[in-house]
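Heads up, the thing below is written out as structure tokens.
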Amino acid sequence: MTVAQRLAQVRARIDGAARRAGRDPEAVHVLAVTKKQPVELVREAIACGARDLGESYVQELVARHRELGDSPDLCWHFVGHLQTNKAKDVARIARVVHSVDSARLAHELGRRASADAGRLDVFLQVNVGGEAQKSGCAPAQAKEVLAAIELEPSLRVRGLMTVPPHTDDPEGARPFFRALRELRDALGGSQRLPDLSMGMSHDLEVAVEEGATWLRIGTAIFGERP
Ligand SMILES: *Cc1c(COP(=O)(O)O)cnc(C)c1O
């Protein structure tokens, strides 16, 4: 299957899920996660109109950005775990960071964003599954970290992000997506947090049904990572 066919398939899955949930499919955005994928496939996606691209390792973000040129058309998203000492590179390249999970990281990104690229959109990543090995702040800390992000004039909060515990059955993700949406509502609703970044290749329908506005999709667009 070509990238064009896969993109169409993803869009059809989103439209179906949105219709079932009574949501506007246009309110659901796709971020093409290019990690580990050959650059020819990334170029194919761009040729098909993909503009929002995501990477989850800093070195790979830097390399991709160099490889594809500094096109003002492309919008780079960073979705992986971010250490404060790498905040500078990410703030230089990415326009959206989905993985802010501490006040310290918010402060460092805020400092770097103002010095370099201008305003940076960020998501607060929450570890709703409480898994020890996963990034994201605990739900109980979300209020405090959110307040820290809002103190940074060069950052703009878009919403909440989560990566649920892996389950083979996509339905297994539903309680975690729902928990993220409920946390959003408890923290001030869509006025304060307009976006929910949740849902990947295998569970995107469930995420759309639970209110996702940004899906982070890799394999369903590019095929299995080599
Ligand atoms: C790799 C990755 C994705 C994409 O996963 P797929 O299952 O390939 O769609 C989404 N979000 C994050 C944080 C990732 O690291």
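Return the residue satisfying two criteria in turn: it lies in the range 103-130 and is open to solvent by 40 Å² or more (accessible area, probe 1.4 Å) and over 25 Å from D70 (Cα atoms), and of such residues it is nearest to the ligand (Cβ to nearest atom). Steps first, answer last, please.
Our first condition is that a residue be open to solvent by 40 Å² or more (accessible area, probe 1.4 Å); within the range 103-130, this holds for 103-104, 107, 111-112, 114-117, 119, 130.
Those left that are additionally over 25 Å from D70 (Cα atoms): 103-104, 107, 130.
Values: A103: 21, R104: 20, H107: 22, G130: 17 Å.
Here the residue is G130.
The helices (runs of 4 or more DSSP H) found wholly in the range 60-157 and carrying at least 1 residues that are modelled with pLDDT under 95 and hydroxyl-bearing (S, T, Y) occupy 103-115. When the test is whether a residue is open to solvent by 70 Å² or more (accessible area, probe 1.4 Å) and either out of contact with any helix residue (DSSP H, G or I) (no Cβ under 6 Å at 6 or more places or on another chain) or of a type in the set (D, E) (or both), Q83 passes it.
Whenever a residue of the range 122-148 is at positive phi, its partners that are small (G, A, S) and in a loop (DSSP other than H, G, I, E, B), lying with C-beta atoms within less than 9 angstrom and at least six residues away or across chains, give the pairs G130/A138; G136/G129.
In the range 7-49, of all residues being among the basic types (K, R), closer than 22 Å to H77 by Cα and not in a loop (DSSP other than H, G, I, E, B), the one that is least open to solvent (accessible area, probe 1.4 Å) corresponds to R11. Among the residues examined, L68 qualifies as open to solvent by less than 40 Å² (accessible area, probe 1.4 Å), in contact (Cβ under 8 Å) with a residue 24 or more places away in the chain and more than 16 Å from the ligand (Cβ to nearest atom).
W214 fulfils the conditions (1) touching a helix residue (DSSP H, G or I) at 6+ places or on another chain (Cβ under 6 Å); (2) at negative phi; (3) buried (at least 24 other Cβ atoms within 10 Å of the Cβ) except for a single criterion, (1). Looking across the range 189-211 at every residue that is more than 16 Å from the ligand (Cβ to nearest atom) and over 15 Å from D15 (Cα atoms), the one that is most open to solvent (accessible area, probe 1.4 Å) is identified as Q191.
The values are calculated or read from the model by the stated rules, or taken from the named source; none is laboratory data. The shown structure was predicted, so the numbers you read here are calculated from the model rather than taken from an experiment. Every residue, glycine among them, receives a Cβ derived from its backbone with ideal geometry; neighbour counts consider all protein chains shown. Remember, those area values only see protein heavy atoms, side chains included, never the ligands or the DNA or RNA. Shrake-Rupley method; radii C 1.70, N 1.55, O 1.52, S 1.80 Å.
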